[in-house]
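The values are calculated or read from the model by the stated rules, or taken from the named source; none is laboratory data. Since the model is a prediction, treat every value here as computed from it, not as a measurement. All Cβ positions, even for glycine, are placed from backbone atoms using ideal geometry, and neighbour counts span all protein chains on display. The accessibility values were calculated without ligands, DNA or RNA, using every heavy atom of the protein model including side chains. Shrake-Rupley method; radii C 1.70, N 1.55, O 1.52, S 1.80 Å.
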Amino acid sequence: MNQDQRLQAVLEKVSGLLPLREVAVDADISDNSAFLKLVNVSCHNWTAGKLSRIGALRMTVKIPALDALTIIFYPQENTDAPIFLLFFLITGRKVISHFNVCTPFDDENYLNKWVKPLDGILAAYPEFECMDRYPDWMKQYQHDSTIYGLFKQDKLADLTACSFEFLDHYLQLVAASDVVTNTDQLAHIASFHEKFKTDIRTRDKAQGMTSKFIGKEKARRIFYEVVT
């Protein structure tokens, strides 16, 4: 499965449970080539019912070979669903993968619903061992089931399958989620979303890497208008 197939499979999973609709991205940032077309960066936005935004960023580099896919799912802020993050970067012999549910609440009942079942999914796979340390700024979003690191290519199929099972669990709960009416909870959810977006915009190194290929302004717009 290549990255385009991976993205298509994700969209099919979403559309099977929620009404998926693509939202146009400004042509200035939606598709960019650089360095004699050795680099291509493209991005897309969708909405899907209780998901207010699904932002996808694709970047391919021919030399050295690099193929990256980032997808972030943002639920409507009147639900208590987590933000779901999915990332695959494939090189000649390695794969960097990161998938996680970033939760606005940490009480036991909430985690038992949204996070604990992921432990069971993960247990069905061979251990995803790596030496990479979770970045300090991301630790506030980390759970035991969080996957992050540099892996050998032979782990790619299992990483993809596991991430898809995580996504299935997440989408089913999102589709069945209730509207939050408690004003304190709504304020907390809004604050959590804003902090997560600010962290991605200001602390994630991916924006800096993207800017090296297409320039700071276009990279900034992608991270403000698509990734967050």
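Close amide H partners of SER177, meaning residues 5 or more places away or on another chain with modelled amide H under 5 Å apart, do not exist here. In the full protein context, the chain carries 50 Å² of accessible surface per residue, based on a 1.4 Å probe and ignoring ligands, DNA and RNA.
Quote the FRET efficiency, to the nearest 0.05, computed for ALA65 versus ALA123 with a Förster distance R0 of 30 Å and r equal to the Cβ-Cβ distance.
Details: r = 33 Å, r/R0 = 1.10.
It comes to 0.35.
Note on the range 56-127: with charges restricted to the Cβ of Lys and Arg (+1) and Asp and Glu (-1), its dipole about the Cα centre is near 600 debye.
Could you work out the Rg to Rh ratio of the range 82-228, with Rh taken as the Kirkwood radius (inverse of the mean 1/r over all Cα pairs)? Kindly include the intermediate steps, with their values, before the conclusion.
Numbers: Rg = 16.5 Å, Rh = 16.8 Å.
Rg/Rh for the range 82-228 comes to 0.98.
Taking 23 Å as the limit for the C-alpha separation, the pairs LYS94/LYS116; LYS13/LYS216; LYS155/LYS197; LYS62/LYS205; LYS197/LYS218 exceed it in the case of LYS94/LYS116; LYS13/LYS216; LYS155/LYS197. Using a cutoff of 8 angstrom between alpha carbon atoms and counting only pairs six or more residues apart, the relative contact order for the chain works out to 19 percent.
The phi-based Karplus calculation (6.51 cos²θ - 1.76 cosθ + 1.60; θ = phi - 60°) puts the 3J(HN,Hα) values of the range 38-45 at 6, 10, 9, 10, 9, 8, 8, 10 Hz, whole numbers, x for Gly and Pro.
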